[in-house]
Amino acid sequence: MTTCPKCPDADLQHTLIAGNLTAHSCTRCTGLLISLVAYRRWREIHHRSAADGEAVDVNCEIPDTRNAITCSRCRTVMIKYRISAQSDRRIDYCASCEDIWLDGGEWELIESLVGSRHLAGIVTRPWQRRIRLETVDALRSDRLASFFGKDFEKIRDLKEWLDEHSAREEILAYLQRREDKK
Ligand SMILES: [Zn+2]
Ligand SMILES: [Zn+2]
C-alpha cells in the first residue's frame, strides 16, 4: 500500500472515480493518485476518439520545486504541470511510475476546465507549450485593453476584419494617409 505524497503517515485507499476508473485516494487530504496505465484503459472505453499527443519528455522540463512533493512509490520529485491558461493550478506527475497526483477537487477542476479525457494530455510538452503561448496572448491583450480603454473592442473587431480582407494592404495605406483639412 502506498502512502499519500502530501500526508506522510496516511495510507491511500483503493477507490473508483468517474464510473470505473481505478484510483487511490487519501482520506485525510482527499487527494487522488491516478495511474496513467489505468487511466488510458478507462479513457479508451469512455472517450474512444480522444487523441492527445503523448510525447512525454520530462527531462527537458524545468521542475517547479515550489511545494514539490515526492512520488510515494519511487521517491523522485514529481513534476508540476499547469492544467490550462485559465488556472494556476498544477498537477503533479511522476514519469517513471506514470502516476498523477491530484489534490482534492482537482479531478473536478480538470473536468470543468478541459475535460477529464485530457488528463494524460496535460503532462505533455505540446500541451504545456500551448499554455505558455495562451498566457503570453492574454497578457498582451490585457495590456492593449488598458491602453485603448473603451475603444479596445472596436479596434480588435476592426483588426480581425482587416486581417481577413483581401485588400488589407491598400486599406492600411488608405488609413495612414493624412487628408489635408480644408
Ligand atoms: Zn493526504
Ligand atoms: Zn514514481
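The values are calculated or read from the model by the stated rules, or taken from the named source; none is laboratory data. Given the structure is predicted, the values throughout are model-derived calculations rather than measurements. Cβ atoms come from the backbone with ideal geometry, glycine included; neighbour counts cover every protein chain shown.
Every residue, every condition in (1) in contact with a helix residue (DSSP H, G or I) (Cβ under 9 Å, 6 or more places away or on another chain); (2) more than 16 Å from ligand 2 (Cβ to nearest atom); (3) not assigned by TED's automatic domain parsing to the domain that holds Ser72; (4) not in a helix (DSSP H, G or I), yes or no:
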{"site": "Tyr93", "(1), (2), (3), (4)": "yes, no, no, yes"}
{"site": "His118", "(1), (2), (3), (4)": "yes, yes, no, no"}
{"site": "Val136", "(1), (2), (3), (4)": "no, yes, yes, no"}
{"site": "Ser146", "(1), (2), (3), (4)": "yes, yes, yes, no"}
{"site": "Asp157", "(1), (2), (3), (4)": "no, yes, yes, no"}
{"site": "Glu160", "(1), (2), (3), (4)": "no, yes, yes, no"}
{"site": "Asp163", "(1), (2), (3), (4)": "no, yes, yes, no"}
{"site": "Ser166", "(1), (2), (3), (4)": "no, yes, yes, yes"}
{"site": "Glu170", "(1), (2), (3), (4)": "no, yes, yes, no"}
**Prompt:** Among (1) within 16 Å of ligand 1 (Cβ to nearest atom); (2) of a type outside the set (Asp, Glu); (3) at pLDDT 90 or above, where does Ala68 come up short?
**Reply:** (3)
**Asked** Out of the residues in segment 25-49 that are among the charged types (D, E, K, R) and out of contact with any helix residue (DSSP H, G or I) (no Cβ under 7 Å at 6 or more places or on another chain), which is farthest from Thr2 (Cα to Cα)?
**Response** Arg48
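Can you find, within segment 1-12, the residue that is nearest to ligand 1 (Cβ to nearest atom) among those that are within 11 Å of Ser25 (Cβ to Cβ) and either acidic (Asp, Glu) or over 27 Å from the mean Cα position of the chain (by Cα) (or both)?
To start, the set of residues in segment 1-12 that are within 11 Å of Ser25 (Cβ to Cβ) comprises 4, 10-12.
Subsequent filtering for residues that are either acidic (Asp, Glu) or over 27 Å from the mean Cα position of the chain (by Cα) (or both) retains 10-11.
Details: Ala10: 5, Asp11: 9 Å.
Going through the qualifying residues, I end up with Ala10.
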